[in-house]
Amino acid sequence: MKNLVYLFILIATSSFALKAFGTEVVITTSEGVMKAHLYENVPNHVKVFVERARSGAFDGTLFTRVIPGFIIQGGAPDSRNALPGARVGYGDRSTEIMPEMRPEYFFKKGALAAPRQNDDINPKRKSDMSQFFIVQGKVYRNGELDTLEKVQNYKIRQKALDLYYRPVRTELQMLRTDNPKAFNKRIADINAKIDSMILATPGHLIFSKEQREAYTTVGGCHSLDGQYTIFGELTEGFDVLDKIARQKRDKYDRPLKDVKIITVKIMN
């Protein structure tokens, strides 16, 4: 019976892994090799990326935009055989697809995502699948994340305080002296209402436990969260990511020495 239970657990665990991570990709560059898994639950982005990779659309292109502490971006068709110093990396509007942003994915280091045009000309936030970018980011301190939350949520919190706390402030002051137990309960109830209002308001910022763990250890770029579609993540080659991000670059963030994408191979 124990063996049967163990077998069931093993199968369930394996199934979860296959569901979480689908296709494997090997990105061979002039600076080394990076490997990534693509997410099965971002199907349209994965489908288009795989099709383009298998057709060789990324082979021979360049990383055209590298910014240390932020991202490396490459694959643009106009970068293939580009002259030194030429401004490239404009992408291809004909390859755009609708976004597939999923709340469980965020921009930790190694996140593989699709770039896009700005909201003013691309209000639907369609992804430009002619390119891709990989996040390097930075490591945050917990205090930094706390400050980011406070700044982002300040106006919402003030509205919530006006609604739930300030009208009963005098009553609470009296209750604090006369009945501390009742005071603590009222404060807890008010805080719960304030937190609920913040969570229900678009534009709020609350880092999840998983985000805090990633951003304070491997790092990432929280400002990209919810703005671009993530469809995979690096599993190997983080040193290559760092090496590319450190390249000297021109005023348009193109590396002075070409960083070539030799091949992008789909392994399964």
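The combined condition, being touching a residue at least 40 places away in the same chain (Cβ under 8 Å), more than 30 Å from Val50 (Cα to Cα), open to solvent by 90 Å² or more (accessible area, probe 1.4 Å) and in a helix (DSSP H, G or I), is fulfilled by Arg157. Among the candidates Asn118, Asn122, Asn81, Asn142, the residue that is at positive phi and either surrounded by fewer than 18 Cβ atoms within 10 Å (Cβ to Cβ) or modelled with pLDDT of 95 or more (or both) is uniquely Asn81.
I'm trying to understand the selection: among the residues of the stretch 229-254, which are in a loop (DSSP other than H, G, I, E, B) and buried (at least 20 other Cβ atoms within 10 Å of the Cβ)? Residues satisfying the conditions are Thr229, Gly237, Arg254. Would you please name the residue that is farthest from Lys35 (Cα to Cα), looking only at residues in the stretch 216-228 that are open to solvent by 50 Å² or more (accessible area, probe 1.4 Å) and assigned to a loop (DSSP other than H, G, I, E, B)? Within the stretch 216-228, the match that is farthest from Lys35 (Cα to Cα) is Gln227. At pLDDT 95 or above, among the acidic types (Asp, Glu) and surrounded by fewer than 15 Cβ atoms within 10 Å (Cβ to Cβ): is that true of Glu31 in this structure? No.
Please pick out the residue among Val66, Val88 that is open to solvent by 20 Å² or more (accessible area, probe 1.4 Å), modelled with pLDDT of 95 or more and of a type in the set (Val, Ile, Thr).
On the way: Val66 fails: open to solvent by 20 Å² or more (accessible area, probe 1.4 Å).
Criteria check complete, one pass: Val88.
Answer yes or no: is there a residue in the stretch 194-212 that is of a type in the set (D, E, K, R), at pLDDT below 95 and either surrounded by 13 or more Cβ atoms within 10 Å (Cβ to Cβ) or not in a helix (DSSP H, G or I) (or both). I'd like the intermediate steps shown before the answer.
Initial filter on the stretch 194-212 (of a type in the set (D, E, K, R)): 195, 209-210, 212.
Then drop every residue that is not at pLDDT below 95, which leaves 195.
Filter once more, keeping what is either surrounded by 13 or more Cβ atoms within 10 Å (Cβ to Cβ) or not in a helix (DSSP H, G or I) (or both): 195.
Checked against the condition, which is being of a type in the set (D, E, K, R), at pLDDT below 95 and either surrounded by 13 or more Cβ atoms within 10 Å (Cβ to Cβ) or not in a helix (DSSP H, G or I) (or both), the stretch 194-212 yields at least one hit.
Here Lys124 passes the criteria (1) out of contact with any helix residue (DSSP H, G or I) (no Cβ under 6 Å at 6 or more places or on another chain); (2) farther than 30 Å from Asp59 by Cβ except the one numbered (2).
May I ask you to say which residue of Lys265, Lys257 is open to solvent by 70 Å² or more (accessible area, probe 1.4 Å), of a type outside the set (Phe, Trp, Tyr) and either assigned to a strand (DSSP E or B) or on the phi > 0 side of the Ramachandran plot (or both)?
Values: Lys257 fails: either assigned to a strand (DSSP E or B) or on the phi > 0 side of the Ramachandran plot (or both).
Result: Lys265 is the single residue among Lys265, Lys257 that is open to solvent by 70 Å² or more (accessible area, probe 1.4 Å), of a type outside the set (Phe, Trp, Tyr) and either assigned to a strand (DSSP E or B) or on the phi > 0 side of the Ramachandran plot (or both).
The values are calculated or read from the model by the stated rules, or taken from the named source; none is laboratory data. As the structure is a prediction and not an experimental result, all values here were calculated from the model. Methodologically, a virtual Cβ is constructed for each residue, glycine included, from the backbone with ideal geometry; neighbour enumeration extends over all protein chains shown. The protein model used for the area step is the full one, side chains on, heavy atoms only, and it has no ligands, DNA or RNA in it. Shrake-Rupley method; radii C 1.70, N 1.55, O 1.52, S 1.80 Å.
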